[in-house]
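Enquirer: Handing you a structure now.
The values are calculated or read from the model by the stated rules, or taken from the named source; none is laboratory data. On a predicted model such as this, the values are computed, not experimentally measured, just so you know. Here the Cβ is made from the backbone with ideal geometry for all residues, glycine too, and neighbour counts use every protein chain on show.
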Amino acid sequence: MRIDVLTIFPDYLAPLELSLVGKARQSGLLDLAVHDLRAWTTDRHRTVDDTPFGGGAGMVMRPDVWGTALDTVLGDDADGDGTVLLVPSPAGEVFTQRTAEELAGARRLVLACGRYEGIDARVAEHYATRPGVTVREVSIGDYVLNGGEVAALVVVEAVARLLPGVVGNPESLVEESHGAAGLLEYPVYTKPPAWRDLPVPEVLTSGHHAKVTRWRRDRALERTAARRPDLLERLAPEALDREDRRV
Ligand SMILES: COc1ccc2nc(C(=O)O)sc2c1
């Protein structure tokens with residue numbers, strides 16, 4: 001997959017050179033480039049914003065600068081099919097694991113990180129008409145950030161780890177929170193067996209795999225019911241067996 005991130009703060013995306021995403025880039029599993037939006041400004045102050053039509057506080061990012069930048073980055077991608085222009089926005093659809101799975105199937109992601117009061121609305125409107133490009137405005141949660149860069153970090157990590165070969169053991173993608181089971185993850189333990197007078201649950205050292213599996217499922221159901229009942233409500237009825245309903 002090819003990912004391009006456009007921002008006025010390229011250094012904010014430095015964490016994408018580290019760890020799992022960094023390794024995926026080095027190995028060629030992920031082709032990612034970060035671009036400084038100011039490279040497409042034309043004035044000596046490298047201006048990217050202006051005052052909002054209709055008045056109000058703050059500044060709005062100019063469509064002309066974004067248009068030149070996105071035209072360049074999108075290129076004359078003849079087979080532009082499967083390109084998602086992703087715009088982090090507090091007014092966007094909520095980004096979930098399902099969103100990450102959908103985006104992981106795209107041929108290409110271009111993330112446009114806004115700042116100030118946001119990007120002129122005509123940018124998303126214009127690129128939504130471009131053949132082969134789908135525009136999605138997404139929010140990573142019900143709080144407001146100062147710009148799209150943090151959201152871009154979240155989106156890139158959540159998507160990259162779903163790409164084949166990026167995570168060492170694909171099995172681990174199944175059991176984690178918000179994974180295929182649709183439940184929160186069960187509690188995990190490691191050595192030492194006793195720590196500050198706190199023991200590890202006996203079943204986990206019993207060697208009885210069926211009991212361990214059941215215990216983990218029960219703890220995941222309990223946690224989900226206590227912390228995210230909305231996830232339980234979304235589960236298909238057949239996703240819970242008779243044993244599950246006992247919890
Ligand atoms: C101006 O650009 C912004 C500002 C706030 C913001 N908040 C987001 C969120 O996902 O909560 S994305 C985002 C982009």
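Enquirer: Just to check your reading of the model, which residue among 184, 173 is within 21 Å of residue 224 (Cβ to Cβ), outside the structural domain of residue 88 (by TED's automatic domain parsing), outside any loop (DSSP other than H, G, I, E, B) and among the hydrophobic types (A, V, I, L, M, F, W, C)?
Expert: Details: 184 fails: outside any loop (DSSP other than H, G, I, E, B).
Unique residue meeting the criteria: 173.
Enquirer: Here is a follow-up. All but one of (1) within 16 Å of the ligand (Cβ to nearest atom); (2) surrounded by 16 or more Cβ atoms within 10 Å (Cβ to Cβ); (3) of a type outside the set (D, E, K, R) hold for residue 91; which doesn't?
Expert: Tallying (1) within 16 Å of the ligand (Cβ to nearest atom); (2) surrounded by 16 or more Cβ atoms within 10 Å (Cβ to Cβ); (3) of a type outside the set (D, E, K, R), residue 91 fails exactly one: (2).
Enquirer: Just to confirm my filter: which strands (runs of 3 or more DSSP E) fall fully inside the stretch 52-161 and include at least 2 residues that are closer than 25 Å to residue 27 by Cα and not basic (Lys, Arg)? Before you say what the answer is, go through the steps one by one.
Expert: On the way: elements: 83-94, 108-112, 133-139.
Answer list for the stretch 52-161: 83-94, 108-112.
Enquirer: Residues to consider are 60, 73; find the one that is within 13 Å of the ligand (Cβ to nearest atom) and not small (Gly, Ala, Ser).
Expert: Working: 73 fails: within 13 Å of the ligand (Cβ to nearest atom).
After applying the criteria, what remains is 60.
Enquirer: Answer yes if at least one residue in the stretch 68-80 is free of Cβ contacts under 8 Å to residues at least 24 places away in the same chain and either more than 18 Å from residue 123 (Cα to Cα) or in contact with a Phe, Trp or Tyr (Cβ under 7 Å, 6 or more places away or on another chain) (or both), and no otherwise. Spell out the reasoning first.
Expert: Filtering the stretch 68-80 for residues free of Cβ contacts under 8 Å to residues at least 24 places away in the same chain gives 71, 75-76, 78.
Cutting the leftovers down to either more than 18 Å from residue 123 (Cα to Cα) or in contact with a Phe, Trp or Tyr (Cβ under 7 Å, 6 or more places away or on another chain) (or both) gives us 78.
Yes, there is a match, as at least one residue in the stretch 68-80 is free of Cβ contacts under 8 Å to residues at least 24 places away in the same chain and either more than 18 Å from residue 123 (Cα to Cα) or in contact with a Phe, Trp or Tyr (Cβ under 7 Å, 6 or more places away or on another chain) (or both).
Enquirer: Just checking, which of 162, 103 is within 16 Å of the ligand (Cβ to nearest atom) and within 16 Å of the chain's Cα centre (by Cα)? Explain how you work it out, then say what you get.
Expert: Details: 162 fails: within 16 Å of the ligand (Cβ to nearest atom).
103 is the lone residue from the list that is within 16 Å of the ligand (Cβ to nearest atom) and within 16 Å of the chain's Cα centre (by Cα).
Enquirer: Right, another one. Among the residues of the stretch 189-196, is there at least one that is outside the structural domain of residue 240 (by TED's automatic domain parsing) and touching a helix residue (DSSP H, G or I) at 6+ places or on another chain (Cβ under 7 Å)?
Expert: Within the stretch 189-196, none of the residues are outside the structural domain of residue 240 (by TED's automatic domain parsing) and touching a helix residue (DSSP H, G or I) at 6+ places or on another chain (Cβ under 7 Å).
Enquirer: Identify, by number, the condition in (1) surrounded by fewer than 17 Cβ atoms within 10 Å (Cβ to Cβ); (2) of a type in the set (D, E, K, R); (3) near the ligand (Cβ under 9 Å from one of its atoms) that residue 98 doesn't meet.
Expert: With (1) surrounded by fewer than 17 Cβ atoms within 10 Å (Cβ to Cβ); (2) of a type in the set (D, E, K, R); (3) near the ligand (Cβ under 9 Å from one of its atoms) applied to residue 98, the lone miss is (3).
Enquirer: I've got another one for you. Out of 165, 182, 207, 148, report the one residue that is at positive phi and either surrounded by 15 or more Cβ atoms within 10 Å (Cβ to Cβ) or touching a helix residue (DSSP H, G or I) at 6+ places or on another chain (Cβ under 7 Å) (or both).
Expert: Values: 165 fails: either surrounded by 15 or more Cβ atoms within 10 Å (Cβ to Cβ) or touching a helix residue (DSSP H, G or I) at 6+ places or on another chain (Cβ under 7 Å) (or both); 207 fails: either surrounded by 15 or more Cβ atoms within 10 Å (Cβ to Cβ) or touching a helix residue (DSSP H, G or I) at 6+ places or on another chain (Cβ under 7 Å) (or both); 148 fails: at positive phi.
Residue meeting the stated conditions: 182.
Enquirer: I'd like to know if the stretch 117-137 contains one or more residues that are more than 25 Å from residue 38 (Cα to Cα), away from the ligand (no atom under 15 Å from the Cβ) and touching a residue at least 12 places away in the same chain (Cβ under 8 Å).
Expert: Checked the stretch 117-137: at least one residue is more than 25 Å from residue 38 (Cα to Cα), away from the ligand (no atom under 15 Å from the Cβ) and touching a residue at least 12 places away in the same chain (Cβ under 8 Å).
Enquirer: Checking residue 34 against (1) at pLDDT 95 or above; (2) surrounded by fewer than 14 Cβ atoms within 10 Å (Cβ to Cβ), only one condition comes out false. Which one?
Expert: Of (1) at pLDDT 95 or above; (2) surrounded by fewer than 14 Cβ atoms within 10 Å (Cβ to Cβ), only one is false for residue 34: (2).
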